[in-house]
1. If packing is taken as the average number of other Cβ atoms within 10 Å across a peptide's residues, how do 119-125, 27-33 rank, most packed first?
2. Please compute the modelled spin-label separation between residue 54 and residue 148, points set 7 Å along Cα→Cβ, answer in nm with one decimal.
3. Give me Rg over Rh for the stretch 146-302, both radii from the alpha carbons and Rh done the Kirkwood way, two decimal places.
4. Note the per residue figure in Å³ for the convex hull of the C-alpha positions in the stretch 48-127.
5. From the helices alone, meaning DSSP H stretches of at least four residues, give me the mean residue ellipticity at 222 nm for the chain, per-run term -39500 (n - 2.57), in deg cm²/dmol to the nearest 500.
6. Just to be sure I understand the model, the point goes 7 Å from the Cα along the line to the Cβ. What's the resulting residue 203 to residue 90 distance in nm?
7. Using a simple spin-label model with points 7 Å from Cα along the Cα→Cβ vector, what separation in nm is obtained for residue 192 and residue 288?
8. If you average 1/r over all unlike Cα pairs in the chain and invert the result, what Kirkwood radius do you get in angstrom?
Ligand code: SAM
């Protein structure tokens with residue numbers, strides 16, 4: 001059984017917040033198979049298979065249909081989310097930015113599948129076991145990065161800028177930063193510190209993309225926890241022992257978009273509800289997690 005989060009905790013891709021990276025990759029694998037016009041992540045399925053969580057492997061390979069195991073909306077969100085960040089990086093590099101930083105890269109394979117312009121350097125940051133696993137597994141699969149990929153194996157609650165600089169990061173050059181599926185897994189003050197640090201390390205013209213989750217209304221979080229517990233309970237009956245409530249940090253925090261705006265970033269964005277509609281995907285029927293209000297935002301340091 002997963003334990004509650006604490007400062008300095010660690011994980012691999014089958015435990016705690018690490019398992020959420022494998023879930024995200026499983027959703028991308030299903031989405032790639034069912035809707036290749038929106039998402040094409042050929043590495044998602046083999047990466048999930050290599051992690052070895054049986055239920056997620058069966059879902060990723062299509063042997064077990066999503067249905068009861070994982071709602072279609074999670075798959076649809078994987079499509080729009082992947083497309084949003086893919087387009088963010090392609091726009092940024094198309095505009096001449098040659099340095100990209102993927103914070104909490106998990107099993108994201110952008111460094112191996114996007115058509116990065118020649119000369120682009122892509123940094124990936126995540127916990128050491130996560131970085132090591134993905135690097136080794138993709139090498140074993142014969143995959144080669146499509147940019148100059150450099151890794152920083154580090155906890156994002158620690159002094160990650162030192163590790164990033166040691167890997168060659170140059171703060172004098174404009175950077176495209178992404179923090180995808182990360183902020184809710186950081187304590188509130190670590191989120192603020194991360195956004196402060198991104199800003200400090202950003203030369204003018206840098207870009208950022210992340211998610212803005214609205215602060216909960218009274219009673220919202222209880223509903224969220226109940227819903228996540230129902231999913232975890234069901235998965236436990238399928239021999240996948242995870243606790244999605246314990247992986248996350250709850251409670252009030254500074255919302256990311258206004259916080260970044262206060263630091264000098266000019267942002268635009270769309271909610272999940274809007275992106276589902278814009279991509280001709282069905283609306284969320286039962287949104288007790290208020291996922292539809294989550295906003296994908298991106299912008300430039302002015
Ligand atoms: N961005 C990837 C994606 O969208 O597929 C992974 C998202 S997954 C939901 C969360 C990721 O955040 C995991 O890979 C986890 O290891 C990473 N993460 C969370 N907290 C972290 C921390 N304090 N330091 C380093 N990585 C962290």
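All of the numbers you see were taken from the coordinates with simple rules; none came from a lab. Quick caveat: nothing in here was measured; it's all calculated off a predicted structure. Glycine gets a Cβ as well: all are built from the backbone with ideal geometry, and neighbour counts include every protein chain shown.
1. 27-33, 119-125
2. 4.6
3. 1.00
4. 106
5. Mean residue ellipticity, 222 nm, calculated: -13000 deg cm²/dmol.
6. 2.6
7. Roughly 3.3 nm, to one decimal.
8. Over the chain, the inverse of the mean reciprocal pair distance is 19.5 Å.
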